[in-house]
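Okay, structure first, notes after.
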Amino acid sequence: MLVPLAFLVAGLALRFLAFRAALPGVPAADFAQALCRWDCEWYVRIAEEGYDPFPVPARVAGGNWAFFPLFPGLVGLARLILPFPTMVTATLVSLAVSYAAAVAAWPLLAGNRRAYALYAAFLLAGPFSVYFTTFMTEAMFVLLTIGVFLALRQSNYLLAGVLAALLSATRIVGVFIVFAIVIAMFLEHRRRGGTVAGFIPELLKRPFWLLAIVVSPLGAFVYMAYLDWQLGDALAFQHVQRAWGRVVGNPAVYLWHSLTSFPGAGFLPSTPQQQGLAAVFGLVMTGVLAWKRRLPEAVFSLFCIVIPLSAGTISFVRFMAGLAPVCLMAVELLAARSWLFALALLVLLAGGYFGTFGWLTGYLSLV
Amino acid sequence: MSEAKRFSREDLWAYAAVALVVAIELVVLWRALNPGAGGEYRAYYIDKTTTCLPQPMTGEYKIGRIVSFRPDGVEAALELKPCGWEGPAGDGTHSVGETSRLRFAVDPDAPPLDLVLELVAVDLPGPALQRVRVSANGEGLGEISVPRDPARRVSLPIPAAALAGRTVVDIALDFPDAVRAYPGAPDTRKRAIKLLAAGLVPAER
């Protein structure tokens, strides 16, 4: 538990230094507020005011219904207890959740100390640590994902189902973890000598397994019920995408367009290329997970990549950073050699500074 | 062993919980597939029959004034744009989507009015002329063709039926020739014209 704590402190220092360098005129007390960019501002408004009615008070088509309620709701509750501004409260909650995620990852890494150190550094002090320590849903998504896979490893399916329900109330792709749960059940059934054809009858005889499955998407259904009550449209979180100009299309075509959007000048990949490369990284790691026969993680990761990819590659750097199985697989690979581990750790910590600097100066790939 | 003994009390509670959760989820799913939302919400978000979701603008306006839709008129134009506009940029307020709307608050006893529009077509690949179908409170005012250059200023009489007893005049501009700014752009991002100025003036009839 000390390793993540050390990286939590180091990460705070790195991000603060980047904040001073990027925004020298902004008072130090505004550190937490300054890190609130892009989607963060939506979450602040949800924590303070709740969800928009219709018509949206700001007189725009884009209501805040696309943002799932668990994490902003948690921060909203914390605001009632803590005497701080919303962003300070949200930062404290995010730090606590990210720290918990780093600690919880230990059993999943099966005693691999180097991989554990890398993952803790990645979450708390790495180039994308700003996602996990400002007001975004990534920290909670990572913690709950790790929680589900820990529960699956212990064959505690009901706990996995309950955590999955919370995951589905954090981001819509959380509902797809139900497939990981079913696959884990199927693999256990096979390990016990069960046949493929006998899986469904076996499932029906196990009411707690059934309960775990049907509870998994309940968080999303509760939010949909709320939207139906508020707006008369349970799918408002999806329908509001029209206001952002998002068009559902072929994920492969979107990926191809991103990867072939070459920069006008210079050698640095363009913003779409960087986001497309993030998706490719996720797909490759998903392939490695499948090759290592970690099918529940692989299937969940595949859904978490392909479904958002059907609306384009925007935010894919963030989505991949917040996809725990993919990043855990990557740190396991990087921990295979001591020199590679040392190099990766150095890059992660340097990235903690430059990633935050880029975030604060509007580096679009990080959106 | 009898069939009844195969399941413990906990198992039976679990089955009951499964049934309850499934029932809740099915109800929500049914509601999702049969949304109760209607009117403009449904047309824009669900049925996608319009690209313009009117916002509750006051239409605050003084008859006779021609309002600039360039940056110098941003304050005066703010309450006149319910939907379908982006900007202003330096060269006017850009239409987005297949329809744009304007709203002008008027006195119910207002005299006969003409709608004045100054507009220019967008400079994008596509038709050289953009057709614009104009209506006021649902009454058609006619169709105009707008070139890319120079800007065109038109004056369209508003029928008495569109004004009778009304406190607002809702102008709809439909763009049948609107073009997608880039391949795959959604209909809500289509481009047609740039509005430079608009207003209602007493009719010259």
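The values are calculated or read from the model by the stated rules, or taken from the named source; none is laboratory data. Please read these numbers as outputs of a predicted model, since none were measured by experiment. Glycine gets a Cβ as well: all are built from the backbone with ideal geometry, and neighbour counts include every protein chain shown. Side chains included, ligands, DNA and RNA excluded: accessible areas come from the protein's heavy atoms. Shrake-Rupley method; radii C 1.70, N 1.55, O 1.52, S 1.80 Å.
Wholly within the range A:26-140, which helices (runs of 4 or more DSSP H) include no fewer than the required count, namely at least 1 residues that are over 27 Å from A:W244 (Cβ atoms)?
A:31-34, A:70-81, A:86-108, A:113-125
Is it the case that some residue within the range B:115-131 is open to solvent by less than 30 Å² (accessible area, probe 1.4 Å) and outside any strand (DSSP E or B)?
Filtering the range B:115-131 for residues open to solvent by less than 30 Å² (accessible area, probe 1.4 Å) gives B:115-117, B:119-122, B:130.
When the remaining residues are screened for being outside any strand (DSSP E or B), the result is B:122.
Checked against the condition, which is being open to solvent by less than 30 Å² (accessible area, probe 1.4 Å) and outside any strand (DSSP E or B), the range B:115-131 yields at least one hit.
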Answer residue from the range B:185-195, given it is open to solvent by less than 10 Å² (accessible area, probe 1.4 Å) and closer than 21 Å to B:V116 by Cα and is nearest to the other protein chains (Cβ to nearest Cβ) among those: B:A192
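Listed residues A:F179, A:F208; which is within 30 Å of A:P69 (Cβ to Cβ), touching a residue at least 40 places away in the same chain (Cβ under 8 Å), open to solvent by 40 Å² or more (accessible area, probe 1.4 Å) and away from chain B (no Cβ under 14 Å)? If you could, list the steps in order and put the result at the bottom.
On the way: A:F208 fails: away from chain B (no Cβ under 14 Å).
From the options A:F179, A:F208, the qualifying one is A:F179.
Do the conditions hold for B:W13, that is, is it within 21 Å of B:K194 (Cα to Cα), within 14 Å of another protein chain (Cβ to nearest Cβ) and hydrophobic (A, V, I, L, M, F, W, C)? Don't jump to the end; show me each part of the working.
On the way: within 21 Å of B:K194 (Cα to Cα): no; within 14 Å of another protein chain (Cβ to nearest Cβ): yes; hydrophobic (A, V, I, L, M, F, W, C): yes.
Here the answer is no, as B:W13 does not meet what is asked.
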Give the residue that is nearest to the chain's Cα centre (by Cα), with candidates limited to residues of the range B:33-52 that are within 8 Å of chain A (Cβ to nearest Cβ) and surrounded by 19 or more Cβ atoms within 10 Å (Cβ to Cβ). B:Y44
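For the structure I just gave you, tell me whether A:L159 is of a type outside the set (V, I, T), more than 9 Å from chain B (Cβ to nearest Cβ), surrounded by fewer than 17 Cβ atoms within 10 Å (Cβ to Cβ) and closer than 27 Å to A:L323 by Cα.
Numbers: of a type outside the set (V, I, T): yes; more than 9 Å from chain B (Cβ to nearest Cβ): yes; surrounded by fewer than 17 Cβ atoms within 10 Å (Cβ to Cβ): yes; closer than 27 Å to A:L323 by Cα: yes.
Here the answer is yes, as A:L159 does meet what is asked.
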Only one residue in B:L102, B:L80 is crowded, with 22+ Cβ neighbours inside 10 Å and over 23 Å from A:G245 (Cβ atoms), so which one is that? B:L80
Of the residues in the range B:105-114, those that are open to solvent by 30 Å² or more (accessible area, probe 1.4 Å), in contact (Cβ under 8 Å) with a residue 12 or more places away in the chain and acidic (D, E) come to B:D107
How about the range A:333-358: which of its residues are over 30 Å from A:G245 (Cα atoms) and under 19 Å from the mean Cα position of the chain (by Cα)? A:L348, A:G351, A:G352
Residues that are modelled with pLDDT under 95 and either more than 9 Å from chain A (Cβ to nearest Cβ) or open to solvent by 80 Å² or more (accessible area, probe 1.4 Å) (or both): does the range B:16-23 have at least one? no
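Here's the yes/no breakdown for (1) open to solvent by 60 Å² or more (accessible area, probe 1.4 Å); (2) under 26 Å from A:G358 (Cβ atoms):
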{"residue": "A:G11", "(1), (2)": "no, yes"}
{"residue": "A:R20", "(1), (2)": "yes, yes"}
{"residue": "A:P24", "(1), (2)": "yes, yes"}
{"residue": "A:D30", "(1), (2)": "yes, yes"}
{"residue": "A:E41", "(1), (2)": "yes, yes"}
{"residue": "A:L74", "(1), (2)": "yes, no"}
{"residue": "A:A90", "(1), (2)": "no, yes"}
The range A:228-237: number of residues that are more than 9 Å from every other protein chain (Cβ to nearest Cβ) and either in contact with a Leu (Cβ under 9 Å, 6 or more places away or on another chain) or of a type outside the set (A, V, I, L, M, F, W, C) (or both): 2
Please identify the pairs in which a residue from the range A:278-293 that is free of Cβ contacts under 8 Å to residues at least 40 places away in the same chain has its Cβ atom under 7 Å from the Cβ atom of a residue that is crowded, with 22+ Cβ neighbours inside 10 Å, counting only partners at least 6 apart or on another chain. A:L283/A:I305; A:A290/A:A298
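Every residue, every condition in (1) within 22 Å of the chain's Cα centre (by Cα); (2) on the phi > 0 side of the Ramachandran plot; (3) at pLDDT 90 or above, yes or no:
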position	(1), (2), (3)
B:R131	yes, no, yes
B:G138	yes, yes, yes
B:E143	yes, no, yes
B:G165	no, yes, no
B:D170	yes, no, yes
B:G184	yes, yes, no
B:T188	yes, no, yes
B:L195	yes, no, yes
B:P202	no, no, yes
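Quick check on my filter: what residues within the range B:132-151 are part of a strand (DSSP E or B) and of a type in the set (D, E, K, R)?
Filtering the range B:132-151 for residues part of a strand (DSSP E or B) gives B:132-136, B:139-147.
Hits for the range B:132-151 are B:R133, B:E139, B:E143.
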